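Here's the structure, in structure tokens; my notes come after.
The values are calculated or read from the model by the stated rules, or taken from the named source; none is laboratory data. On a predicted model such as this, the values are computed, not experimentally measured, just so you know. Counting neighbours? That spans all protein chains shown, and the Cβs are built from the backbone with ideal geometry, glycine included. Quick note on the areas: whole protein, heavy atoms, side chains included, nothing else; ligands and nucleic acids left out. Shrake-Rupley method; radii C 1.70, N 1.55, O 1.52, S 1.80 Å.
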Amino acid sequence: MTDPGGTLSILIVDDEEPARLLLRELLESVPGVRIAGEAANGLEALGLAARERPDVVLLDVQMPRMDGFETLDLLDPRIAVVFVTAFDEHALRAFEVNAVDYLLKPFPAARLAEAISRARARAGRLRDVDGGALSAAARPAGTYATRIVVRDGPRVDVLPAAEVEYARGQADYVELVAGGRSCLKQQTLQSLEASLDPGQFVRIHRSYLVNLAFLKRIEPWGSDSRQAVLADGTELPVSRAGLARLNEIFDGKG
Amino acid sequence: MHPFLHHPRWLLPYLGAWLLLSMFPAAILGPMDVGHRLQAVAITVLPTLGFAVATLPSWYLCRVLPLDRSGALRLATVHGIGALCGGLLWLGLAEVAARGAGLVPGWADAASRLAGHRPELVATGAVFWCLVAAFHYLLAAIEAVHEAEARAAVLAVRAREAALAGLKAQVHPHFLFNSLNTISALVTRDPAGARQACIQLADFLRQSLRTPDARPIPLADELALARSYLGVEAVRLGSRLVVREVIEPGCESVPILPLVLQPLVENAVRHGVARIPEGGTLGLEAWRADGFLWLRVTNPVDPGSPGAGGGGMGLRTLRDRLGAMYTQGAILDARRDGDTFRVVVRVPLEDGGEAT
């Protein structure tokens with residue numbers, strides 16, 4: 001990382017080679033920038049970002065295996081991100097709603113320079129947008145995330161949403177439990193909840209989101225409380241509001 | 001219009017049936033030795049046939065009073081009055097016939113044959129009226145079935161037209177802007193390549209935007225469209241996209257519904273090859289066997305990805321279009337087999353696709 005006003009290091013992420021070449025070429029004429037590297041997909045981008053610690057990532061949205069939004073979630077929050085996309089009305093709406101900078105392919109050099117100078121002005125500040133919110137806004141109504149990308153040290157895992165038993169919110173992190181294993185992800189429980197199918201994942205407590213497929217029963221706990229018991233015997237607290245939400249779902253399903 | 005006006009040939013069997021029916025009133029008239037029996041038949045045949053023709057206009061009455069949509073009371077009233085009039089008409093015609101028969105030498109007593117049988121004869125006429133009405137309702141039902149069939153055929157044609165209206169190759173905006181971006185990237189470092197990419201994109205757009213035509217086109221044209229699409233994507237995806245074509249010689253001239261191949265190829269790129277970081281091989285095959293043209297498009301699917309690995313919506317539309325266009329034998333089979341997605345389309349070689 002460099003001080004503002006100094007050289008800005010930039011990571012280019014796009015699965016199409018011509019698109020990467022174009023960014024590289026256009027960046028050559030932008031003063032005060034240095035290309036830290038090029039990545040052809042999200043995984044490569046995360047590895048490079050960890051090693052090169054760039055100030056800005058130019059991030060394509062539609063990429064194989066891990067899209068731009070999922071990549072954003074696992075990127076160091078100090079790195080500024082400028083999305084680059086060809087055309088995706090859903091993504092555009094998400095950008096507008098979340099005030100994220102983006103470039104529409106094909107773009108003129110001046111537009112790229114503008115985005116870079118905005119990123120420079122932001123350098124050093126933490127990003128305040130998360131990929132979960134972007135994906136949620138970009139998703140067509142009625143469709144939900146089917147996978148969750150998590151980082152476990154240097155490893156990146158793609159968890160099918162259906163396999164997640166429950167999630168526990170801890171401040172800015174969520175702990176995801178799947179198949180007896182748990183992993184942490186930097187995301188709020190609200191944002192995770194918003195991205196998942198509300199018919200499958202229910203917020204049973206301020207800090208717990210449970211997958212109904214793994215819920216075995218609700219039983220009394222103490223004098224006037226309830227707790228949820230999962231298939232593997234895990235017991236989770238159920239709040240008054242959580243019980244109301246569960247009842248609503250079960251009533252709705254008849 | 002009365003159905004007999006459309007089909008005059010039906011009149012003959014109709015009258016034949018009435019000829020047989022005329023034996024019933026003849027049987028009513030006694031006494032019944034052989035001479036009188038002949039006389040009775042002579043008296044009843046002509047009135048019966050006359051009645052059968054004279055009551056044909058009741059067809060219109062039956063049309064105005066359909067069985068299923070008219071009240072029972074109304075039906076009973078109208079047809080009750082009709083039966084009474086019919087009975088009297090029949091008796092009147094029989095009276096005339098009896099008088100006429102009385103003029104025949106040796107049949108002087110024919111004129112008095114009706115005496116004492118008039119109530120039964122009126123009742124017979126009433127039954128005849130009901131038979132005519134029943135016959136007309138039967139005709140109306142048959143006509144309704146034919147109309148329904150014709151309407152269904154018209155609807156099928158409309159559905160087909162609708163399917164064809166959406167026939168222009170869908171140029172996905174994402175594809176278009178990505179291609180323009182590729183060209184923008186090539187302009188400085190590879191001007192010749194940029195020009196080539198422009199031409200390929202223009203080729204594809206031109207073929208996609210041409211006026212849709214319901215008529216089958218030679219497979220060669222479909223291949224050309226698919227190839228120009230793949231040409232544009234090849235520039236964008238570079239070495240990630242490998243195309244393996246196996247086209248049996250002679251297949252190119254087989255007529256096929258337009259825009260069958262290109263959407264399959266586009267699916268294979270969008271949902272298959274482009275979703276795999278290292279890319280893969282897209283297979284495109286065509287051959288003839290058992291009186292059918294077979295097309296097979298295969299693409300690798302990202303091992304980790306869930307689902308069928310193909311564009312469900314596009315395949316459904318294509319299946320509907322094939323069903324609407326080919327009268328029989330056209331199939332579309334799409335399945336994921338491990339990490340390969342394959343779509344097989346089979347269309348009859350003979351059925352030119354012009355279902356009428």
I'm a student and want to see the number: the projected area of the Cα convex hull of the protein assembly as shown, averaged over all directions, in nm². 45.9
Accessible solvent surface per residue of the range A:155-252, calculated while the other protein chains remain in place, 1.4 angstrom probe, Å²: 52
Relative contact order for the range A:8-137: what is it in percent, counting Cα pairs under 8 Å that are at least 6 residues apart? 25
Ignoring trypsin sites (Lys or Arg not before Pro) that are buried or in helix or strand per DSSP, and keeping those with at most 16 other beta carbon atoms within 10 Å, what is the longest stretch of chain B between them? B:211-356
Report, as an integer, the average count of C-beta atoms from other chains found within 10 Å of each Cβ along B:270-280. 3
In what order, largest first, do B:Val127, B:Val122, A:Val56 sit by accessible area if the probe radius is 1.4 Å? B:Val127, B:Val122, A:Val56
Computed on protein heavy atoms with a 1.4 Å probe, what is the summed buried accessible area for the chain pair A and B, in Å² to the nearest 100? 1800
Need one value: the accessible area of B:His146 in square angstrom, 1.4 angstrom probe, rounded to the nearest 10. 110
Using the heavy atoms of the protein chains alone and a 1.4 angstrom probe, what is the accessible area of the range B:172-249 per residue in square angstrom? 48
With x for Gly and Pro, the residue-by-residue ³J(HN,Hα) of the range A:52-57, computed from phi through the Karplus equation 6.51 cos²θ - 1.76 cosθ + 1.60 at θ = phi - 60° and given in whole Hz, is 8, 6, x, 7, 9, 10
Using the Kirkwood radius over C-alpha pairs as Rh, can you work out the diffusion coefficient of the range A:78-218 via Stokes-Einstein at 20 °C, viscosity 1.002 mPa s, in µm² per second? 128
Restricting to Cα pairs under 8 Å and 6 or more apart, the percent relative contact order of the range B:170-348 works out to 17
Within chain B, what is the longest stretch that has no GluC sites (Glu not before Pro) placed in a DSSP loop and near at most 14 other beta-carbon atoms within 10 Å? B:1-277
Tail beyond 35 Å, pair distance distribution of chain B (Cα, percent): 53
Rule-of-thumb Rg ratio for the range A:8-137 [Cα; 2.2 N^0.38 Å; N residues]: 0.93
For chain B, what % of the accessible area comes from carbon and sulfur atoms, probe 1.4 Å? 65
Run the helix sum for chain B: -39,500 (n - 2.57) per DSSP H stretch of 4+ residues, divided by residue count, reported at 222 nm to the nearest 500 deg cm²/dmol. -19000 deg cm²/dmol
Sequence gap at least 6, Cα distance under 8 Å: using those rules, report the relative contact order of the range A:138-254 to the nearest whole percent. 17
In units of 2.2 N^0.38 Å, the Cα radius of gyration of the range A:196-239 is 1.10
When the label point is put 7 Å from the Cα of B:Leu131 along its Cα-to-beta-carbon vector, which residues of the range B:15-46 have a backbone N closer than 16 Å? B:15-29, B:41-46
How many percent of the accessible area of the range A:155-252 is carbon or sulfur, using a 1.4 Å probe? 48
Rounded to the nearest 5, the percent of antiparallel DSSP beta bridges in the range B:170-348 equals 80
Hey, got the average number of other protein chain Cβ atoms within 10 angstrom for residues in B:183-195? 3
Expressed to one decimal in nm², the mean projection of the alpha carbon convex hull of the range B:3-163 is 11.7
Could you estimate the translational diffusion coefficient of the range A:155-252 from the Stokes-Einstein equation, with Rh from the Kirkwood formula over C-alpha pairs, at 10 °C and 1.306 mPa s, in whole µm²/s? 117
Accessible-area order (highest first, 1.4 angstrom probe) of the listed residues A:Tyr102, A:Tyr173: A:Tyr173, A:Tyr102
If you split all Cα-Cα distances of the range B:170-348 into 10 Å bins from zero, what percentages do you get per bin, shortest first? 9, 37, 36, 15, 2, 0
